[in-house]
There are 2 protein chains.
Amino acid sequence: MSYALLVEHFEQLHHLQHLGAICGWDQATMMPPGGNEARAEALSTLAVLCHRQLQDPCLGDWFAAAEQEPLAPEQATGLREMQRAWRDATLLPADLVRQLSLAGSRCEHAWRSLRPANDWAGFLPLFEEVLNLSRQAASARAEALGLSRYDSLLEKYEPGMRSARLDPLFDGLRGWLPGLIGEVQEKQRGEPLLAPRGPFAIERQKALGLEVMRLLGFDFNHGRLDVSAHPFCGGVSEDVRLTTRYNEQDVTQALMGIIHETGHARYEQGLPAALRKLPVGQARSMGVHESQSLFFEMQLARHPTFIARLAPLLDTHFGPQPAFAADNLARLYTRVAPGLIRVDADEVTYPAHIMLRYEIERDLIEGKLEARDLPERWDQLMQRYLGLDTRGNYRDGCLQDIHWTDGSFGYFPSYTLGAIYAAQQAAAMQRQLGPLEALIAEDMSPIFHWLRQHIWQHASLQDTATLMTRACGQALDPAPFRSHLEQRYLG
Amino acid sequence: MSYALLVEHFEQLHHLQHLGAICGWDQATMMPPGGNEARAEALSTLAVLCHRQLQDPCLGDWFAAAEQEPLAPEQATGLREMQRAWRDATLLPADLVRQLSLAGSRCEHAWRSLRPANDWAGFLPLFEEVLNLSRQAASARAEALGLSRYDSLLEKYEPGMRSARLDPLFDGLRGWLPGLIGEVQEKQRGEPLLAPRGPFAIERQKALGLEVMRLLGFDFNHGRLDVSAHPFCGGVSEDVRLTTRYNEQDVTQALMGIIHETGHARYEQGLPAALRKLPVGQARSMGVHESQSLFFEMQLARHPTFIARLAPLLDTHFGPQPAFAADNLARLYTRVAPGLIRVDADEVTYPAHIMLRYEIERDLIEGKLEARDLPERWDQLMQRYLGLDTRGNYRDGCLQDIHWTDGSFGYFPSYTLGAIYAAQQAAAMQRQLGPLEALIAEDMSPIFHWLRQHIWQHASLQDTATLMTRACGQALDPAPFRSHLEQRYLG
């Protein structure tokens, strides 16, 4: 009885979140600029309502009563995930939530102009306030959850993950990644590279993107593709709103961006329909979500056999040119070059950007690093991991990401966890189905079927470690990721 | 103090309605079909929340206390409009609201297939239930408001309007309109008419529509144009979402549809920014809203001088053809022909469709006509007003409109009130600014300025009678409408 009340309550919350997801998508894709103020106010009222729904005083009693009720195993798991959402919403004193939200908005808003101005000094006091409040929040969460401060933040994005597991993981990466980057650069030196010659009309890029989405099994009855300044995968599972941005001079970027977001989208579309309105029916974690986008983008789409399928599509949509030759495209899509900007990084250097951010944010939250010392640490680590000098270039250095400006500490590891999970999934899949190469060349449906069976349909019914162990035989194992990189880039 | 609490409460309601308006627009324009079920559920949860917000038990006390507070005149009016919204939401027993909503949904849903099937017998029992519940609702409203049953429904759409005013109005129309229709047909007989030859590419029709919207002062910083199966003007005042539908074979219809919706849109965009979040800052009534769309469509856009400005735009967008000659376009856009379908009717026969519906719905609600006798009455009146035989053709007869299927009795008069108000406004405007012809030919901004000053900026700060009297010297006066028709069609 109490369980049923909880289900109804969380379904209502889901409906409110649905409205927020669609209006958020609209804000990024359709809304004329003059509508922004009213929209922001409407969404803020909705956020308050959602928060209130999760703080309803009834919930404590209902949870206590539901725990005594005879529940099927799936219901018990459902209950656990509702409790997790409730706990997350009630851990912090309301005043701290409000202060953090305000300071985060203020800092993020200022960052939008301070970053282009390279103004670290202007950013610092705002950031110090965000960091200070984030540390307080981490302390409160840590105490309630019995975790370290940083782990209590990690728990928000990657439940069950701990720095005790991440420290050796990144230590390991630190051991072999910089060397690998050097070797790959050495190997790629002097390789012939032809850049495709534009312009590439936006409408044709979109038509190509839609065709590739169909090839990748995106369900257009439950989703669509649009344009936004910052690509994302939004909407709701029943109606996934994927976005990209086009550059008339470069066809390769938007295409790969669409493929990346299609990975996120298929995960969402593949979540079990019967559970979608409850927390247990949501995506397992940000790392698992990223594993799906990176499976599509890295394991699948940058595979030479997939690129060989892309090449004739480019010919068809834009007319043939030498740069569209499969070999050349493959070289373009696997070019490794250390750079300053994380979001522009290739598959091999990307984890170095994350290693650096992980160390820094962990130390910031644990009180081992102060905000004012961030640029110096950044410069040191960029030098160490990627051999790049970033001194004085805050804009393309420690000011480049949005995450810390609004207090989203603990998120960054998800990117590399996703890359590792994706490599584990690809390895397990190949043990079961044979080489990806043959599947990509002939029929990709067994690939998607495997992902549905092993990842998508499980939503949050298992913890990530169980999910990955059942799917791949190992909870978290960087070895397949290393093999994948070595084989693709040095093989 | 209580007034301030009320303002905050109604602003929250406005924010919720904002989310509903955008998600409703999305449902009609952007949403893939598979998203509909989840969207319907989310919007239904939102409707419950909005209703709950209007039924908050605090409101009664706050209203009582606010009436004792020292309020500025604008605040006192604001209070009155909040009370009106509250009263409307609390007049009916919850159970009746629920039953009516269910019966209405059921009947409307069935109507979508029964209408094409011409199945009056299948429709009748569903409609009887809607009518029965609508009569109960009208009785409850009538008792609470001290009005007749039909007037209590009219009050929802056209506050202050009564059948004691509408009866003589439509009696008057009945006296001269059928004769006028005959005379116009006689005059137009044998007039040369060239139909434009398509196809007209959708993209070009859209470009033309956008150009005409700009010409009419639509603010694209606060709105946009899209496509939906049934054109509407939605969104919120800060972000007006206007839609149309295109027919590749006919460029004239979508263009005039866009102009009509632009009239609605400019009213919304012109509402006073400071009051937008409160009921007093909303559009005055459906009749006044319709007066703006009809001012744009009928008074302005079908004016021969405006058509002379449209003609070269059609040439530019589609290449010249003889049918685009201004004289021919003007004849096309003012062609009068009695027809079965209200939404396809021309400016002159349209009020006959409304006269008929007004008489029927008034008698249905007052218990003077039963549902089973509707087709017979329909046939009689169509014969009498438009000389058309509709016997047995329910599809294009009494089954053609959506309004009665979901219990929206009392809405129909708004269309003719709108046409009359628009003619009054045009007459008053010309007394003050000189002939429309000169303004349209040279600079239309004084026209829009007049509408802003006299209609838009007053939102719901005055009742309709005061608004119209101050703007035009008369509360409701059909004489300018008659003069307008006689001058345009017989002059």
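Before moving on, here are some points about what is shown:
- Evaluation of B:L485 against (1) surrounded by fewer than 20 Cβ atoms within 10 Å (Cβ to Cβ); (2) more than 19 Å from the chain's Cα centre (by Cα) (one fails), failing number: (1)
- The residue list A:S101, A:S139 contains one member that is of a type in the set (S, T, N, Q) and under 27 Å from A:H18 (Cα atoms), which is A:S101.
- Considering (1) at pLDDT 95 or above; (2) farther than 21 Å from B:G223 by Cβ, the lone condition that B:V343 does not fulfil carries the number (1).
- Residue in the range A:37-55 that is in the same structural domain as A:H14 (by TED's automatic domain parsing), of a type in the set (D, E, K, R), open to solvent by 60 Å² or more (accessible area, probe 1.4 Å) and closer than 30 Å to B:D219 by Cβ present: yes
- Exclusive hit being under 30 Å from B:S483 (Cβ atoms), at pLDDT 95 or above and of a type outside the set (S, T, Y), set B:A419, B:A371: B:A419
- Only residues that are at the interface with chain A (Cβ under 10 Å from one of its Cβ atoms) and either among the hydrophobic types (A, V, I, L, M, F, W, C) or on the phi > 0 side of the Ramachandran plot (or both) were counted across the range B:41-60, and they come to 5.
- Complete set of residues in the range A:247-268 that are touching a Gly at 6+ places or on another chain (Cβ under 8 Å), open to solvent by less than 30 Å² (accessible area, probe 1.4 Å) and either more than 11 Å from A:Q292 (Cα to Cα) or of a type in the set (K, R) (or both): A:V251, A:A254, A:L255, A:I258, A:R266
- Some residue of the range B:20-36 being more than 22 Å from A:L16 (Cβ to Cβ) and open to solvent by 50 Å² or more (accessible area, probe 1.4 Å): yes
- Annotation note: of A:Q27, A:Q83, A:Q17, A:Q75, the sole residue that is within 14 Å of chain B (Cβ to nearest Cβ), within 21 Å of A:G281 (Cα to Cα) and of a type outside the set (V, I, T) is A:Q17.
- Verdict on A:L476 being on the phi < 0 side of the Ramachandran plot and either surrounded by 22 or more Cβ atoms within 10 Å (Cβ to Cβ) or in a helix (DSSP H, G or I) (or both): no
- Qualifying residue in the range A:289-300 (condition: surrounded by fewer than 19 Cβ atoms within 10 Å (Cβ to Cβ) and away from chain B (no Cβ under 14 Å)): no
- When every residue of the range A:197-215 is checked against the conditions, at least one turns out to be touching a Ser or Thr at 6+ places or on another chain (Cβ under 8 Å), at pLDDT 95 or above, within 14 Å of chain B (Cβ to nearest Cβ) and surrounded by 15 or more Cβ atoms within 10 Å (Cβ to Cβ).
- The residue list B:W86, B:W25, B:W62 contains one member that is of a type in the set (F, W, Y) and under 30 Å from B:H230 (Cβ atoms), which is B:W25.
- Qualifying residue in the range B:235-242 (condition: modelled with pLDDT under 95, surrounded by 14 or more Cβ atoms within 10 Å (Cβ to Cβ) and over 26 Å from B:P338 (Cβ atoms)): no
- Of residues in the range A:179-196 being open to solvent by 40 Å² or more (accessible area, probe 1.4 Å) and outside any loop (DSSP other than H, G, I, E, B), the one nearest to A:A337 (Cα to Cα): A:Q185
- Hits in the range A:1-36 - residues which are assigned to a loop (DSSP other than H, G, I, E, B), touching a residue at least 40 places away in the same chain (Cβ under 8 Å) and under 30 Å from B:N221 (Cβ atoms): A:M30
- When each of A:A4, A:A21, A:A89 is tested for being at pLDDT 95 or above and more than 22 Å from A:F232 (Cα to Cα), the lone residue that passes is A:A4.
- Any hit, the range A:400-419, residues being acidic (D, E), open to solvent by less than 40 Å² (accessible area, probe 1.4 Å) and under 30 Å from A:A265 (Cβ atoms): yes
- Pair list, Cβ < 7 Å and 6+ apart or interchain, from the range B:213-236 residues that are in a loop (DSSP other than H, G, I, E, B) to residues that are of a type in the set (S, T, Y): B:L216/B:T262; B:F218/B:T262; B:S228/B:T29; B:S228/B:T243; B:P231/B:T243; B:P231/B:T244; B:F232/B:T243
The values are calculated or read from the model by the stated rules, or taken from the named source; none is laboratory data. Quantities reported herein were computed from a predicted structural model and do not represent experimental measurements. Using ideal geometry, Cβ is built from the backbone for each residue, glycine included, and neighbour counts are taken over all protein chains shown. Quick note on the areas: whole protein, heavy atoms, side chains included, nothing else; ligands and nucleic acids left out. Shrake-Rupley method; radii C 1.70, N 1.55, O 1.52, S 1.80 Å.
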